[in-house]
Amino acid sequence: MKKLIVLSLVLCLVATSAQALPWQTPILISDGAQNNGSSQIAVENGQIAIAHNMPSAAGTWPQVFYNELTYSGAGALTQTVVDEALPGSIAGTWGTYVQGIGIDDGQPVIATAAWTGGNTNARVNTRTAPTVYTSVDATANMLVGTQAAREAFQLDSSDNAYYVYTDTTGASGNDVVVAKAPVSTTATGSWTQSILSSPGAGGITASPKAKIAVDDTTGAVQTAFMADRDLTYPPEWSSADGTTTTYTTMSNGTATSTCDIALQANGYPMVSALDTGTAPSGVKVAFYDGVTPYTVSTVLTTADSREVGWYNTADAVDLELDGQGRPVVIISRVDNPTTITQITLDYYVYESGVWTGENVLTAASTTWLQSADLIFDENGRPFIVFCAKLGTATNNDTYLITIPEPATMILLLGGALGLVIRRKK
């Protein structure tokens with residue numbers, strides 16, 4: 001959930017942006033003795049809200065759980081809520097999954113969808129007190145099998161709620177639709193539904209997994225999704241704003257692969273994805289300037305594209321802006337897709353046309369590092385939540401990784417006057 005904040009900071013010491021960040025050892029957030037899956041994070045005023053899904057018991061389908069931490073200016077982190085089950089989750093044939101999280105005046109707001117064989121509603125849950133939630137249905141015709149595992153829901157800077165989803169009941173047979181809450185996330189009135197794109201009109205769609213980005217200045221809604229372009233294979237990632245659908249030229253033939261969308265400092269969209277359709281294969285970011293076609297920049301080339309999310313149904317690439325308004329991509333990888341022995345999480349910053357990368361985490365594991373989600377707080381401090389099997393763990397657990405001090409982090413990023421931060425809520 002993106003939010004624009006302008007900071008006027010005077011820093012006496014500035015290090016170069018190439019200097020590595022002092023990432024802490026991952027903090028275990030959830031050890032539920034069952035495999036965790038999709039996870040997402042929101043941060044506001046020292047409050048860290050994390051939602052993830054996992055089975056509540058062996059042999060059961062996933063449901064959504066909430067965790068909360070607080071941090072002080074000294075960098076201390078304290079977990080205050082541990083795996084609180086959402087009573088407002090929709091019961092699904094194959095479980096309930098996280099689609100977004102935000103914070104509305106101190107209250108975490110969590111969007112979920114039930115995984116079923118047909119259409120279902122999306123539900124927005126607001127935590128009003130410990131173990132107490134109110135919930136409203138945001139959509140009525142969602143085909144859950146085509147939905148993104150996270151970042152399909154967003155609160156803007158005024159805490160207005162937006163939800164992007166795929167509707168199979170439209171005239172084209174497959175519309176990407178945005179739903180906007182009537183007043184607030186807890187309002188019971190009808191959400192306003194608007195079609196952003198109708199990719200089904202041009203050909204057979206794949207698995208759109210649409211994600212959303214809202215411009216806090218103009219209120220414009222952007223989405224990115226995967227769809228066949230006039231029956232062309234492999235399907236491409238596109239962006240749409242309700243008026244124009246623009247193709248990024250990046251593509252991938254695997255339906256489990258996903259993209260991410262964020263707004264550049266100038267308000268135009270950028271889309272990240274694993275592109276296997278144009279050599280060399282790799283993680284790329286497509287930039288749009290509002291006029292010409294997307295310009296594609298390669299972040300990382302891959303000898304075997306399966307090492308980045310090929311078999312992983314959760315997101316392997318996340319795209320954000322850092323405290324200076326620079327694009328940042330985090331990428332989760334495995335060493336050998338056939339026999340995994342090691343997982344890696346890397347952090348890439350784009351500046352002056354060049355991507356500079358550093359390693360955040362390398363660990364022994366036999367499973368994927370799933371659903372890594374990056375966020376920056378008001379001071380530009382990065383937080384990453386992810387699910388992985390680390391050390392002697394027998395299941396994928398949920399972890400949080402950050403750096404020791406907000407001030408130290410800003411210096412390392414090359415702080416300056418008038419820092420611009422777009423962050424998730």
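Condition (residue is under 28 Å from Val98 (Cβ atoms), part of a strand (DSSP E or B) and at pLDDT below 90) applied to the range 391-405: is it met by at least one residue?
no
When residues of the range 346-373 are filtered for being surrounded by fewer than 23 Cβ atoms within 10 Å (Cβ to Cβ) and of a type in the set (A, V, I, L, M), how many remain?
So the answer is 5.
Quick one: which of Ala240, Ala227, Ala265 is hydrophobic (A, V, I, L, M, F, W, C), within 26 Å of Ala161 (Cα to Cα) and in contact with a helix residue (DSSP H, G or I) (Cβ under 8 Å, 6 or more places away or on another chain)? Give the derivation first.
Working: Ala240 fails: in contact with a helix residue (DSSP H, G or I) (Cβ under 8 Å, 6 or more places away or on another chain); Ala265 fails: in contact with a helix residue (DSSP H, G or I) (Cβ under 8 Å, 6 or more places away or on another chain).
None of the others qualify; the one that does is Ala227.
Given the options Val271, Val214, name the one that is touching an Asp or Glu at 6+ places or on another chain (Cβ under 6 Å), closer than 19 Å to Val178 by Cβ, aliphatic (A, V, I, L, M) and modelled with pLDDT of 90 or more.
Working: Val271 fails: touching an Asp or Glu at 6+ places or on another chain (Cβ under 6 Å).
Among Val271, Val214, only Val214 is touching an Asp or Glu at 6+ places or on another chain (Cβ under 6 Å), closer than 19 Å to Val178 by Cβ, aliphatic (A, V, I, L, M) and modelled with pLDDT of 90 or more.
Would you tally the residues in the range 134-144 being buried (at least 18 other Cβ atoms within 10 Å of the Cβ) and within 25 Å of Ser371 (Cα to Cα)?
6
Conditions (1) at pLDDT 95 or above; (2) farther than 23 Å from Ala220 by Cα; (3) surrounded by fewer than 19 Cβ atoms within 10 Å (Cβ to Cβ), marked per residue:
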site	(1), (2), (3)
Ala85	no, yes, yes
Ser89	no, yes, no
Ile103	yes, no, no
Pro108	yes, yes, no
Ala111	no, no, no
Gly117	no, yes, yes
Thr126	no, yes, no
Val177	no, no, no
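Please count how many residues of the range 319-331 are under 19 Å from Phe386 (Cβ atoms) and modelled with pLDDT of 95 or more.
Let us first name the residues in the range 319-331 that are under 19 Å from Phe386 (Cβ atoms), namely 319-320, 322, 328-331.
From the residues that got through so far, the ones that are modelled with pLDDT of 95 or more too are 319-320, 328-331.
Adding up the residues that qualify gives 6.
Working only within the range 281-306, note down all residues that are more than 21 Å from Glu358 (Cα to Cα), more than 22 Å from the chain's Cα centre (by Cα) and of a type outside the set (Val, Ile, Thr).
Asp289, Gly290, Pro293
If I filter the range 243-272 down to residues being of a type in the set (Val, Ile, Thr) and more than 19 Å from Tyr233 (Cβ to Cβ), which single residue comes out as surrounded by the most Cβ atoms within 10 Å (Cβ to Cβ)? Spell out how you get there, then give the answer.
From the range 243-272, those of a type in the set (Val, Ile, Thr) are 243-246, 248-249, 254, 256, 258, 261, 271; that's our starting set.
Applying the additional criterion that residues be more than 19 Å from Tyr233 (Cβ to Cβ) yields 243-244, 246, 261, 271.
Values: Thr243: 8, Thr244: 11, Thr246: 19, Ile261: 25, Val271: 28.
Looking at residues that are of a type in the set (Val, Ile, Thr) and more than 19 Å from Tyr233 (Cβ to Cβ), I get Val271.
The values are calculated or read from the model by the stated rules, or taken from the named source; none is laboratory data. None of these values were measured; they are calculated from a predicted model. Neighbour counts are summed over all protein chains in view; Cβ atoms, including those assigned to glycine, are modelled from backbone coordinates with ideal geometry.
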